[in-house]
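In what follows, a structure is listed as structure tokens, so that the remarks can point back to it.
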Amino acid sequence: MAENLTFAGFDTVALAKKYGTPLYVMSEDIIRDRIKAIRKAFDLTGVAYDINYAGKAFTNLAMCRIIASEGISLDTVSRGEIMTALKAGFPAERICFHGNNKRVDELRYAVEYGVGHIVVDSEDELARLETIQAETGAEIAIMFRISPGVEAHTHELIQTGTEDSKFGIPYQQAKAVVRKASQMRGITVDGLHCHIGSQIVDDKPFVLAADRMLSLYQALVQEGVPLTTLNLGGGFGIPYLTGDESFDTLKYIPQMVDHVKQWCRAEGLECPKLVVEPGRFIACEAGVTLYTVGTVKTIPGVRKYVAIDGGMNDNPRPALYGAQYEAFICNGKAEEQLESCRISGRACENDQLIAEMPLNQPTVGDTLMVTNTGAYNYTMASVYNRFGRPAVVLLSGDRDAVIVERETDEELLHFDRVPEWL
């Protein structure tokens, strides 16, 4: 009998039996390795830099502790994410607050707790901050998110830097807005930010975005705006499928920094502090999801269906924008007999997790592992059909522990209320 599949040195079948399924499994060691890879790439360049982990990829108390201990910063997009970070003891001054439509109460919360930077996304938001500053007298450090008008070669639903985008201030309007903010009392404009999309493996869109942002940065500095920082966002692609291209961080970052240095040298501009915002790159390959096969159905001449005890509730990305994954039967089999299967979830929808995938002798009760689910799975999970969200287990060295408990049936009812007339 062959051995069971392992992940980060752990027997996946044993993990499934110990904690139940569906189960998110995260490797702390892989998370830290990814951060070290980015840091190493920047250290080779000698420039001032910061790494802002994009919390939307995977956020909870334990993850915030890991990020804090690595000495990098945290990118948040809601009061809830800020609260989680603060509860974990994350230094407020290393938190950035993003979002295209921040509420007034969220902005007040960020200002009250001393969040390091608020990344302003619109003129409306700037007006809200001006009001909050006048009421509180607080010193508020901001950056501006700019839409650079760059099309990244990725899925249209995860492009965020084009001119036609809900995110950021349009490039052609940016000068006037930043100039206006720089004259406001108690508000300091430290830098500019852009983010052109996600799951990008080609460096050309990043280079184009950097050129446009540097031109804007230089123009504003020449007008007397004391900018110091240029945030070029994230979106570094990872290989979801065998043979996929990936973003070569050790190659790209030194090349990008060298490009920025040369641009600044040619224009007589002091090189700004450079910031990147990796989320998927840090978390995605650090996670897998374990399921239990519940039904195997063969339709002669059509296909074989393998139904698991999870699906679009714990991984909505295939349904949202056709994201593709790979899966494996974890149980050791006497021999390898691959057969093409469709992996389906149990939600009352089509719920097609993987359209076609060769699996080794899938049988009822087997543990099935879907790889590269560390980003945008746990954070996007839902309770559709009133299925509770899975637990999250963290692996570190030879240790394993629950960092998010499985949602119970009772908890699903917690916020239900019945009007008095019913």
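Would you mind classifying the chain by shape? Square roots of the alpha carbon gyration tensor eigenvalues, ordered a ≥ b ≥ c; an a/c under 1.5 is rounded, otherwise it is prolate if a/b is larger than b/c and oblate if not.
On the way: a/c = 2.12, a/b = 1.65, b/c = 1.28.
Taking the square roots of the gyration eigenvalues as a ≥ b ≥ c, the chain is prolate.
For segment 200-284, what's the relative contact order in percent, using C-alpha pairs closer than 8 Å and at least 6 residues apart? Computed over segment 200-284, the figure is 40 percent. The Cα-based radius of gyration of segment 1-130, divided by its Kirkwood radius, gives an Rg/Rh of 1.09.
For a straight C-alpha distance cut-off of 20 angstrom, no lysines are reachable from Lys18 once same-chain residues fewer than eight places away are disregarded. Backbone phi angles across segment 375-383, fed through the Karplus curve with coefficients 6.51, -1.76 and 1.60 (θ = phi - 60°), yield HN-Hα couplings of 10, 6, 10, 4, 6, 9, 5, 10, 10 Hz in residue order; Gly and Pro are listed as x. Here segment 252-304 and segment 47-95 have alpha carbon centers that stand 18 Å from each other. Within the chain, DSSP assigns beta bridges of which about 45% are antiparallel (rounded to the nearest 5). Treating the Cα atoms of segment 326-422 as identical point scatterers in vacuum, please give the log10 of the normalised Debye intensity I(q)/I(0) at q = 0.25 Å⁻¹, two decimals. So the normalised log intensities are -1.37. Computed with a 1.4 Å probe on the full set of protein chains, the accessible area for Asp258 sits at about 70 Å². Spatially, segment 174-217 and segment 314-370 are offset by 41 Å when compared through their Cα centroids. Split the accessible area of segment 327-422 by element, probe 1.4 Å, and carbon with sulfur accounts for 51%. Hey, how many Å between the Cα centroid of segment 404-422 and the Cα centroid of segment 26-41? Cα centroid to Cα centroid, the span is 38 Å. Mean separation of Cα pairs under 8 Å and 6 or more residues apart, divided by the residue count, gives segment 114-267 a relative contact order of 21 percent. Calculated from DSSP H runs of 4 or more alone, at -39500 (n - 2.57) each and per residue, what is the 222 nm mean residue ellipticity of the chain, nearest 500? About -9000 deg cm²/dmol.
Amide H contacts under 5 Å for Val150: Thr162, Glu163, restricted to partners 5 or more places along the chain or on a different chain, H placed in the peptide plane at 1.01 Å from N.
As an equivalent ellipsoid, segment 1-69 spans semi-axes of 32, 16, 8 angstrom, where each value is the square root of five times an eigenvalue of the C-alpha gyration tensor, largest first.
Kindly rank 225-237, 176-188 from highest to lowest mean number of other beta carbons found within 10 Å of each residue. Can you show the working numbers first?
On the way: 225-237: 21.8, 176-188: 15.6.
So the order, starting with the most tightly packed, is 225-237, 176-188.
Amide hydrogen proximity for Thr188: with H placed 1.01 Å from N in the peptide plane, the residues at 5 or more positions away or on another chain lying under 5 Å are Ile140, Ala141, Ile142.
For the chain, hydrophobic long helices are taken as DSSP H runs at least 18 Å long by C-alpha position along their axis with mean Kyte-Doolittle hydropathy of 0.0 or more; these are 204-222.
Surface exposure of the chain, expressed per residue as accessible area with a 1.4 Å probe, stands at 45 Å². Mean sequence separation of contacting Cα pairs (under 8 Å, at least six apart), scaled by the length of the chain, corresponds to a relative contact order of 20 percent.
The values are calculated or read from the model by the stated rules, or taken from the named source; none is laboratory data. Worth saying up front: this structure is predicted, and the values here are computed from it rather than measured. With ideal geometry, Cβ positions are generated from the backbone for all residues, glycine too; neighbour counts draw on all protein chains shown. All accessible areas refer to the heavy atoms of the entire protein, side chains included, with ligands and DNA or RNA removed. Shrake-Rupley method; radii C 1.70, N 1.55, O 1.52, S 1.80 Å.
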